[in-house]
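So the structure is just underneath, and the comments pick up after that.
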Amino acid sequence: MESIESCACGSSKSYEQCCGCDTVDPVEHAMMAWHKAFFAAHNDAMAERMRKRIETSYGPVMDKAADAVFEAIGKVWSSMLTQSEAKKEVASKLQKIFSEANKR
């Protein structure tokens, strides 16, 4: 997957950085675009077929694994929230201590 949107002309540059759009032959551009679209659709069709087979064969096992991972990550998330609150509490207490010391 690309992290930035590439120019429709087929270059690997982003749309904003592309300098060849004005010089691309429209017929060549259309041929490249259709070629790219065909293989993207072909890949999607293959992935969908594999997805169906994986779901049929491994779906129940994957569901159990997903439940186990979700439960474990939920515990980690809860722990992270507790740690975050503790850090905020310490920061607040330190701020109060230092503010009081500064007033003297």
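The values are calculated or read from the model by the stated rules, or taken from the named source; none is laboratory data. Since this is a predicted model, take the numbers as computed values, not measurements. Positions of Cβ are generated from backbone atoms using ideal geometry, with glycine treated the same way; all protein chains shown enter the neighbour counts.
Some notes on this structure:
- Filter result for the condition that a residue is surrounded by 10 or more Cβ atoms within 10 Å (Cβ to Cβ), modelled with pLDDT under 85 and among the acidic types (D, E), over E5, E28, E16: E28
- Test set (1) at pLDDT below 85; (2) part of a helix (DSSP H, G or I) - S11 fails condition number: (2)
- Residue in region 51-70 that is assigned to a helix (DSSP H, G or I), under 30 Å from S12 (Cβ atoms) and not β-branched (V, I, T) present: yes
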